[in-house]
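Trainee: Following this message is one structure expressed as structure tokens.
The values are calculated or read from the model by the stated rules, or taken from the named source; none is laboratory data. Small disclaimer: the values here were computed from a predicted structure and weren't measured. Because the Cβ atoms are built from the backbone with ideal geometry, glycine has one as well, and the counts that use them run over all protein chains shown. Surface areas here come from the heavy atoms of the whole protein model, side chains and all, with no ligands, DNA or RNA. Shrake-Rupley method; radii C 1.70, N 1.55, O 1.52, S 1.80 Å.
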Amino acid sequence: MINNFRLRDLLRAEEEQYLIEMEDKQETMLERQAKMRERAKFLKEKREKERLEFVEEKLDQRWRYDQAL
């Protein structure tokens, strides 16, 4: 009988620990998602900056070409 109580208590403790670990992992997933969103925003801004630099360069080339005519 004592072993049954002890086993029951051990099982409860293990289940509680499991639930805590799952909650911690859930937070980790949310943190990962936040990092991914931040990285995507950074890459989007970088791509837009590069695009604008390219456009500026082509407009400058066009202006120089038009001046040479």
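Trainee: Hey, if you put +1 on the Cβ of every Lys and Arg and -1 on every Asp and Glu Cβ in region 1-64, which of L11, Q26, L43 ends up farthest toward the positive end of that dipole?
Mentor: L43
Trainee: Would you please calculate the Kirkwood hydrodynamic radius of region 4-69 over all C-alpha pairs and express it in Å, rounded to one decimal?
Mentor: Numbers: mean 1/r = 0.0588 Å⁻¹.
After inverting the mean inverse Cα-Cα distance, the result is 17.0 Å.
Trainee: Here is a further query. Would you list which lysines come within 29 Å of K35, measuring only between C-alpha atoms, while excluding same-chain residues fewer than 8 positions from it?
Mentor: K25, K44, K46, K49
Trainee: Sticking with this one: With the other protein chains left in place, how much accessible area per residue, in square angstrom, belongs to the chain at a 1.4 angstrom probe? Don't skip to the answer; put the middle values down first.
Mentor: Numbers: 7350 Å² over 69 residues.
For the chain, the solvent-accessible area averages 107 Å² per residue.
Trainee: Whenever you get a sec, compute what percent of the accessible area on the chain sits on carbon and sulfur atoms (1.4 Å probe). All intermediate terms of the calculation are to be shown ahead of the outcome.
Mentor: Details: 4060 of 7350 Å².
C and S atoms contribute 55 percent here.
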